[in-house]
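Asks: First the structure, then my questions, so here it is.
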Amino acid sequence: MNSRDLDVSEYNSYYQPYIDILGETDLMDGLKTGLASLVDFIAALPDDKMDFAYAPKKWSIAEALVHLIDTERIFQYRALRFSRNDKTPLPGFDQDLFVPQSRANSKGKMVITNEFKAVRMATITLFESLNDEELMRFGVASDSKMSVRALGFLMCGHLKHHRKIIEDRYLGHN
């Protein structure tokens, strides 16, 4: 299942940058590659940069990483509900309320890494268990129709998006 196969009707246009950043990506390869890539990326981050924010009122690197974890948990839950054909509309979430409550800046790199690994492995296990019919099911979240497979690709693209922001704005690798 390739990201280029997604139809724009499978997700809200707000998420288009997360799909675009993927190029041509296989869903399971993207989930697995993202796991290994982010674990290596976190390991290479300087310890003294974890609580660094590149501007006032911007998240620190640790907060951006925990935001990835929180968002993946929420998208994973949506994927489970939709794949089981649950038609109950699901609410959105306010990332700006979640981040300060996460206590991300008090967590070390190993804690964040282990949490990400556990969450991403659960995502991989969930998506490996789904058949083509289940991947094509739809639900409503944040007042928008979304397919299960789109949620999987969004998790891949969201990770790439935030990693690029960390590289460019926090670490100056642009």
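Asks: Output the qualifying pairs, or none if there are none: Cβ atoms under 9 angstrom, residues six or more apart or on different chains, first residue in the range 17-35 and touching a residue at least 60 places away in the same chain (Cβ under 8 Å), second residue part of a strand (DSSP E or B) and not aliphatic (A, V, I, L, M).
Replies: Partner pairs satisfying both residue conditions: T25/N2; L27/N2.
Asks: Let me ask you something else. I need a count of the residues in the range 1-33 that are assigned to a helix (DSSP H, G or I) and either open to solvent by less than 40 Å² (accessible area, probe 1.4 Å) or among the small types (G, A, S) (or both).
Replies: So in the range 1-33, the residues assigned to a helix (DSSP H, G or I) come out as 3-5, 8-10, 13-20, 27-33.
Next, only the ones that are either open to solvent by less than 40 Å² (accessible area, probe 1.4 Å) or among the small types (G, A, S) (or both) stay: 3, 9-10, 13, 15, 18-19, 27, 30-31.
The number of residues fulfilling the criteria is 10.
Asks: Continuing with this model, one more query. Considering only the range 155-174, state which residues are in a helix (DSSP H, G or I), over 9 Å from L68 (Cβ atoms) and open to solvent by 20 Å² or more (accessible area, probe 1.4 Å).
Replies: Selection gives K160, H161, K164, I165, E167, D168, R169.
Asks: When you scan the range 34-142 for helices (runs of 4 or more DSSP H) that lie fully inside it, which ones turn up with 1 or more residues that are of a type outside the set (S, T, Y), in contact with an Asp or Glu (Cβ under 6 Å, 6 or more places away or on another chain) and open to solvent by 20 Å² or more (accessible area, probe 1.4 Å)?
Replies: Details: elements: 61-83, 95-101, 109-128, 132-135.
By residue number, 95-101.
The values are calculated or read from the model by the stated rules, or taken from the named source; none is laboratory data. The structure presented is a predicted model; accordingly, all values stated were derived computationally and were not measured. Glycine gets a Cβ as well: all are built from the backbone with ideal geometry, and neighbour counts include every protein chain shown. Note: accessible area is taken over every heavy atom of the protein model, side chains too, but ligands, DNA and RNA are not part of it. Shrake-Rupley method; radii C 1.70, N 1.55, O 1.52, S 1.80 Å.
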